[in-house]
């Protein structure tokens, strides 16, 4: 399509083209009699096939123009002139969310979490308003989220997605929407519900947090296939400082089944806000510490909920560590408690994080330290140990004495004593075995140990989060 810059469409003077997409070109324009800047979206000619297109266009454009909401781009007018079919909308001068995300990524940083929360809440309110009026968007994506100079977000292009979805063009086998933000049911060509727009909003949230989309491939069809079949890549692999609560929000927002997603966009935004509140971070006072082992103290806000209890961990370069989901470790420790390995009153929450040389055992070692203190009766015999508990206590004593080879040997003896039917209850021993190997600089044996830890948890629903965390750790080691 030739540029319309400098021409006039109806009552509107057309200036420079400010955007271009698969369905329309967007120009900045002006209604001179009203002295008002506008955005003029001119549909591509090939979309106007069919004798009754203009009738459908006018019917749908009227419906779109009826939307009134503080965060929906207002449609002022629509018309046709010569071969140009166009819609006139409110002009938002701050660019799009897509522009902002590209700029942020180029600078090597992420959007501040409060900014992410604000944009999510505003777009969610716009979607809920449209859904209450029986209107779907069908193409929710960062390019259709406009920002004004104050940073407020406005959802645009209800009109285009709605109008194009009713034309003959969609009957030819083409899909209206953008594959990277398309819900599984939309990719399958099924009848859509508001849940489809909510999935797309979830993809936007994922991208605002990571600067990447969850599913990408070389072709649109391959992307759609991933949307339908592939599991959601864990956001904590890309940003380890984000909490498990945030990951849970995305898991639900991007559920493959529409019925498993949030009931409304506002419910999604509210859950995200609550997840951010649960990861309140308190930095410790500055102290002289080894540059490779700087402490970070992470506490959940009051009141502390059962799902997210305070965790203290060690991280490099003051990296934020979040309170992790404890269910898998709790269930595992309960089994061990029944065997007398750990008294119920002394069980601890365990957090698996990035592994560091000489960061031995993480919080698992704290648990073993408790065993050594509380279960002091398990003093190892000279040169060996006579039970699983005694071997664990001996490993802890050797670790405290900084005799890692001896600690590793005692740990291996403990592992050898584990009956096959009790392996899941002692899976953390293999995890600790891997961390000891890392402390000795033995990366490949460490990876093998972590794999055994994952194998021992396999098929145990209560230990699934632990298995996923261990696999993430292995991915980091292989990547390094």
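Of note:
- Diagonalising the gyration tensor over the Cα atoms of region 8-90 and scaling each eigenvalue by 5 before taking the square root yields semi-axes of 20, 16, 12 Å, largest first.
- When only alpha carbons are used to place a centre, region 105-150 and region 190-212 end up 10 Å from one another.
- Efficiency of FRET from Cβ geometry, residue 133 and residue 81, R₀ 41 Å, rounded to 0.05: 0.90
- Spin-label model distance (nm) - residue 400 vs residue 440, 7 Å beyond Cα toward Cβ: 2.2
- Part-to-part distance (alpha-carbon centres) for region 224-244 and region 2-64, which is given in Å: 38
Each value in this text was obtained by applying a stated rule to the coordinates, not by laboratory testing. In this text, all values refer to a predicted model and were calculated from it rather than measured experimentally. As a convention, Cβ positions derive from the backbone with ideal geometry for all residues, glycine included, and neighbour counts pool all protein chains shown.
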